[in-house]
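Take a look at the structure below.
The values are calculated or read from the model by the stated rules, or taken from the named source; none is laboratory data. On a predicted model such as this, the values are computed, not experimentally measured, just so you know. A quick note on method: Cβ atoms are made from the backbone with ideal geometry, for glycine too, and the neighbour counts reach across all protein chains shown. In case anyone asks, the SASA skips ligands and DNA or RNA and just uses the protein heavy atoms, side chains included. Shrake-Rupley method; radii C 1.70, N 1.55, O 1.52, S 1.80 Å.
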Amino acid sequence: MRMLEIRTPARYPVCIGSGLLEKAVQNAPEGPKAVLYDLKVERFADEAAQKLGIEHKLGLQGGEDTKTLAVFARCQSWLAQAALPRNAVLYVIGGGTLTDLGGYVAASYLRGIRYISLPTTTLAVVDASVGGKTGLNLPEGKNLMGAFHSPAAVYSDTGPLATLPTTLFKEGLVEAFKHGMIAGDPSLLDLSRLAPDYEGLEDYLAKAVSVKIDIVEKDPTEQGERRKLNLGHTLAHGLEAATRHALSHGAAVAYGLLFAALLGRKLGGQDLVPTVQKLMAWLEPAPLPIIHWDALLPYLARDKKKLGNDVHWVVPKDLGRLEIGPVAEETLRETHRELLSLTS
Ligand code: GLY
């Protein structure tokens, strides 16, 4: 078991390893409890609820369609009908969509109660469960509503990862690869041996999470340093929105990283394209949708509205060396053409 800790803006442990449900039970805080879980991991959630002595349970279908105002309202009413008080603890068990939704439910109910995450996908272990970003999608775009609300603890039990379809297992690790590019850590870029039964998995995940912890501690609310974690995500969110999520997040981020590497090379940086191509060969993502640059622009403009006048791109100039800022429209357009021809 690897035990990491985030020290700011709130101090909480992030534990990674097998059999961690027992540790979550041993360290359960006082107070009434409820559990919000993804129906895909119902057996694990039932075991957790039974061991934690929780009777208030709500199972939801995970996925982006769950991060809506309607589902959020249903969760608030569920907690209210159970009359859970302000010292209650919400356990959230599932992938990134559940930890995003559940964290925001906890941030809002009675103006904020504690929550404890038990992420059950590689994506949630490496990224979504750590750092306190919680929220919902709106019809206008992804993650447009939410709050920073730190969990009281994160228990990443590697047991449920063995039940993930291989595609989902691999797609979550694209975020770990991204952390490798950000930190300049080649050991995070070698995904070849990673599988649920690989003995080095726990160490690998811990190393990937440590990169995120270092960044979040420096910049919990994304004023500067944390923007590095958006590497590959500007194009990825555009691709996801333009395809109405037919292209999965992991595949979209992989294409976003390849785009970023092409952009970095075009702007005079080291050639990281072969590095990202190794990721693509390992991941074997669904084909890149042929979407004209002009059709992607409205979705990128949503990022632009969040950032002021220009979309800010995270451009890798080398492993561990990123530049963030606007990029000329023609350069982006050419890079998109290169991406399409490289992946066709
Ligand atoms: N997923 C990016 C972040 O937490 O900032």
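Miscellaneous remarks
- Note on the chain: antiparallel DSSP beta bridges, both residues inside, total approximately 40 percent of the bridges counted.
- Binning the C-alpha pair distances of region 227-274 at 5 Å intervals from 0 yields a P(r) profile of 5, 25, 26, 21, 13, 7, 2 %, listed from the shortest bin outward.
- Within the chain, the longest run free of trypsin sites (Lys or Arg not before Pro) that sit in a DSSP loop with at most 12 other Cβ atoms within 10 Å is 87-192.
- Value of Rg to Rh for region 223-304 (Rh from inverse mean 1/r over Cα pairs, i.e. Kirkwood): 0.97
- Heavy-atom accessible area for Glu140, with the other protein chains in place and a 1.4 Å probe, reaches approximately 100 Å².
- Region 1-142 - share of DSSP beta bridges that are antiparallel (%, nearest 5): 25
- Rounded if a/c under 1.5, otherwise prolate or oblate - the chain, Cα gyration tensor axes: prolate
- Region 119-159 residues near the modelled Glu5 label - backbone nitrogen below 19 Å, point 7 Å along Cα→Cβ: 130-132, 150-156
- Length-normalised contact order for the chain - Cα pairs under 8 Å, 6+ apart - percent: 14
- Distance between region 1-72 and region 182-211 - C-alpha centres, whole angstrom: 23
- A simple rule links phi to the HN-Hα coupling: the Karplus curve 6.51 cos²θ - 1.76 cosθ + 1.60 with θ = phi - 60°, which for region 270-280 gives 5, 7, 9, 4, x, 4, 6, 5, 5, 4, 4 Hz, with x for Gly and Pro.
- Centroid-to-centroid separation of region 97-141 and region 245-292 [C-alpha atoms, Å]: 27
- Remark: the Arg337-Glu47 segment gains 99.4 nm on full extension, using 0.36 nm per residue and subtracting the alpha carbon distance.
- Rounded percent of accessible protein surface that carbon and sulfur make up, region 1-135, 1.4 Å probe: 48
- Loop-located GluC sites (Glu not before Pro) in region 1-71 (DSSP state other than H, G, I, E, B) with a sparse environment of at most 12 neighbouring Cβ atoms within 10 Å: Glu30, Glu55.
- Semi-axes of the equivalent ellipsoid for region 198-269, computed as √(5λ) from the eigenvalues of its C-alpha gyration tensor and ordered from largest down, come to 23, 18, 15 Å.
- Distant-in-sequence amide contacts of Ile116, defined by a placed amide H-H separation under 5 Å and a gap of 5 or more residues or a different chain, comprise Leu90, Tyr91, Val92, Ala152.
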